[in-house]
Protein chains: 4
Amino acid sequence: MSALPSSGVLDGGVHRLQLRVYFEDTDTAAIVYHAKYLHFLERGRTEFLRVAGIDHAAAVREGLGAYAVTQMDCRWLRPARLDDVLLVETRLISVRAAACRIDQAIIRDGTPIFTANLTAAFLDPAGRPRRQPRDWLALYHSLIPQDA
Amino acid sequence: MSALPSSGVLDGGVHRLQLRVYFEDTDTAAIVYHAKYLHFLERGRTEFLRVAGIDHAAAVREGLGAYAVTQMDCRWLRPARLDDVLLVETRLISVRAAACRIDQAIIRDGTPIFTANLTAAFLDPAGRPRRQPRDWLALYHSLIPQDA
Amino acid sequence: MSALPSSGVLDGGVHRLQLRVYFEDTDTAAIVYHAKYLHFLERGRTEFLRVAGIDHAAAVREGLGAYAVTQMDCRWLRPARLDDVLLVETRLISVRAAACRIDQAIIRDGTPIFTANLTAAFLDPAGRPRRQPRDWLALYHSLIPQDA
Amino acid sequence: MSALPSSGVLDGGVHRLQLRVYFEDTDTAAIVYHAKYLHFLERGRTEFLRVAGIDHAAAVREGLGAYAVTQMDCRWLRPARLDDVLLVETRLISVRAAACRIDQAIIRDGTPIFTANLTAAFLDPAGRPRRQPRDWLALYHSLIPQDA
């Protein structure tokens, strides 16, 4: 049996996940297609939640609610290429009742090649803002240095 | 023979392209996957260039250079769903030697559901900023109301 | 306003839809990523249903059922590239209670570059085969030369 | 630092790679979008080559040649869903001068949910069949039980 897919590591409020660039991620300019970085960020946030002990998929499945990105400021700094190993860093910046502010970066060999800050809103199945579960909020505050 | 795929219409400096949401664009939350809007925007910019008479694919193929998004601020306002018809609006805001500033919106039934402003830099094959061709610059200025 | 996105044309049992290759469809080998042809085929089948008067999205939304591909044999004959205009041809080959057999081809300048034959099964929300609606079956038979 | 992304394990001629289903892989029917399985298979073949010691990315980059799928027969047996861990199994079936025959399966909890057999042709940059490097052929034969 091969190794389980990595869920990355959450350490000191920073989650780190490594991933590989495949053909599917690249485009005819021989670099990673610009929108794929947002896919990579979403993998990072998903694994952040998993490692933190939050079952987002169950929340979606049971109709409790789902996180949706409502705002993102992105900077593409350098291109990534086929076969690169990229590190996705995710950190919570602040938490409100129905949304989180998150900083993310994609790093190759120690150099950031893409950065983003974003708002993830918790929405009910009808798409309205919903208060995040109380225990999630407590957990999030424990992961923000200045809140802890 | 069916109709050619639409390249949209460029009118008064605003390019408009309509497109359809397919299964491939949606996710398990029954809405369009957030990063797909960036794909839609890129189709809009590509058709803007085509309608304006600029052959971006040839520039890439011949090693002249290629546009790359270096910065984008995005707002997701409302979700789109399977089968929606979406209108991608693209307008040039300003032009510098090696980059363009662009505003884009995705509109459904007259209501914006996603907006973005971005910088598209012209890069040589090594990824360094390159001056945009002189005739492209002249064309761009003719498409910006305050420059024209 | 720009033209509505084309839904293609259904003529003599053959549906034809044209589409454009964008950056998002290509990979670092400077050709269309092989799996994207399956995305293009799905757009063709979706527009075939729309033009035939079948509202697949409503069937999915209302829990009636959804088509799922259960089998596909594919041949990649020639590569497609950025900016190519591709024609997706779709024709029904045979119909059973809970499934359709379909032939599809992707054609560039009159030359097939990809062909596939496939089975699309109609499944209930639990994933079990479900009889296709009676009026859909009647319609399908009218679209198959030897059944009509 | 988090763990490196897994390249899977090659054992007795069978390569095994585990991966996670993310939002990006699903569609509005709440299952993995059918074409995404082909993406997963490509990750499996890429890691098979890496673990076997073949640098496919370098071959592409240096213009030596690239593998292209020319034929694939696929069977979708059961749907996968958000957060599933999937095992991609890859095995070489036979080798000719310019192509390999490969069997692949995607397995969840011991049950195959998707199977495919395919031909991967080695092509020069112009898209013509090219003889695979001699040392690659020798390696491949060592990985096929009846050839070894």
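The values are calculated or read from the model by the stated rules, or taken from the named source; none is laboratory data. None of these values were measured; they are calculated from a predicted model. Counting neighbours? That spans all protein chains shown, and the Cβs are built from the backbone with ideal geometry, glycine included.
For the range D:79-114, the tally of residues that are within 13 Å of D:Phe48 (Cβ to Cβ) and among the charged types (D, E, K, R) stands at 3. With respect to the conditions (1) part of a helix (DSSP H, G or I); (2) under 17 Å from the mean Cα position of the chain (by Cα), D:Ala58 falls short on a single one, namely (2). Among residues of the range C:30-48 being within 9 Å of chain D (Cβ to nearest Cβ) and among the charged types (D, E, K, R), the one that is nearest to C:Ile144 (Cα to Cα) is C:Glu42.
Just to be sure before I move on: is C:Ala80 small (Gly, Ala, Ser), within 14 Å of chain A (Cβ to nearest Cβ) and over 17 Å from D:Leu38 (Cα atoms) in the structure I sent? It is true that C:Ala80 is small (Gly, Ala, Ser), within 14 Å of chain A (Cβ to nearest Cβ) and over 17 Å from D:Leu38 (Cα atoms).
In the range A:9-26, the residue that is surrounded by the most Cβ atoms within 10 Å (Cβ to Cβ) out of those that are within 16 Å of A:His39 (Cα to Cα) and in contact with a Pro (Cβ under 8 Å, 6 or more places away or on another chain) is A:Leu19. Number of residues in the range C:106-129 that are at pLDDT 95 or above and more than 19 Å from D:Arg75 (Cα to Cα): the value is 8. Of the residues making up the range D:1-24, those that are at the interface with chain A (Cβ under 7 Å from one of its Cβ atoms) and not hydrophobic (A, V, I, L, M, F, W, C) are D:Ser2, D:Pro5, D:Ser6, D:Gly8, D:Arg16, D:Gln18, D:Arg20, D:Tyr22, D:Glu24. Please work out if B:Ala58 is without any contact (Cβ under 8 Å) to a residue 40 or more places away in the chain, within 9 Å of another protein chain (Cβ to nearest Cβ), farther than 25 Å from C:Arg43 by Cβ and of a type in the set (A, V, I, L, M, F, W, C). Judged against the criteria, B:Ala58 is a match.
Those residues that are surrounded by fewer than 18 Cβ atoms within 10 Å (Cβ to Cβ) and free of Cβ contacts under 8 Å to residues at least 40 places away in the same chain, I need them from the range A:38-55; list them, please. A:Asp55 - this is the single residue of the range A:38-55 that is surrounded by fewer than 18 Cβ atoms within 10 Å (Cβ to Cβ) and free of Cβ contacts under 8 Å to residues at least 40 places away in the same chain. Residues that are in contact (Cβ under 8 Å) with a residue 60 or more places away in the chain, of a type in the set (A, V, I, L, M) and crowded, with 20+ Cβ neighbours inside 10 Å number at least 1 in the following strands (runs of 3 or more DSSP E) confined to the range C:65-148: C:85-96, C:99-108, C:111-123. Scanning the range D:14-55 for residues that are of a type in the set (Ser, Thr, Tyr) and either under 13 Å from the mean Cα position of the chain (by Cα) or modelled with pLDDT of 95 or more (or both) yields D:Tyr22, D:Thr26, D:Tyr33, D:Tyr37, D:Thr46. What is the number of the single condition among (1) touching a Cys at 6+ places or on another chain (Cβ under 9 Å); (2) small (Gly, Ala, Ser); (3) away from every other protein chain (no Cβ under 11 Å) that D:Ala116 does not meet? Going through the list (1) touching a Cys at 6+ places or on another chain (Cβ under 9 Å); (2) small (Gly, Ala, Ser); (3) away from every other protein chain (no Cβ under 11 Å), D:Ala116 breaks only (3).
Within the range C:1-55, track down each residue that is of a type in the set (Val, Ile, Thr), closer than 25 Å to D:Asp73 by Cβ and assigned to a helix (DSSP H, G or I). If the condition is that a residue be of a type in the set (Val, Ile, Thr), closer than 25 Å to D:Asp73 by Cβ and assigned to a helix (DSSP H, G or I), then C:Thr46 is the only one that fits. Would you confirm, using the coordinates I've provided, whether A:Asp27 is closer than 28 Å to D:Ala58 by Cβ and acidic (Asp, Glu)? Criteria met by A:Asp27. Tell me, yes or no, whether the range A:72-88 has at least one residue that is farther than 24 Å from A:Glu24 by Cβ, touching a helix residue (DSSP H, G or I) at 6+ places or on another chain (Cβ under 7 Å) and among the hydrophobic types (A, V, I, L, M, F, W, C). For the range A:72-88, residues farther than 24 Å from A:Glu24 by Cβ, touching a helix residue (DSSP H, G or I) at 6+ places or on another chain (Cβ under 7 Å) and among the hydrophobic types (A, V, I, L, M, F, W, C): absent.
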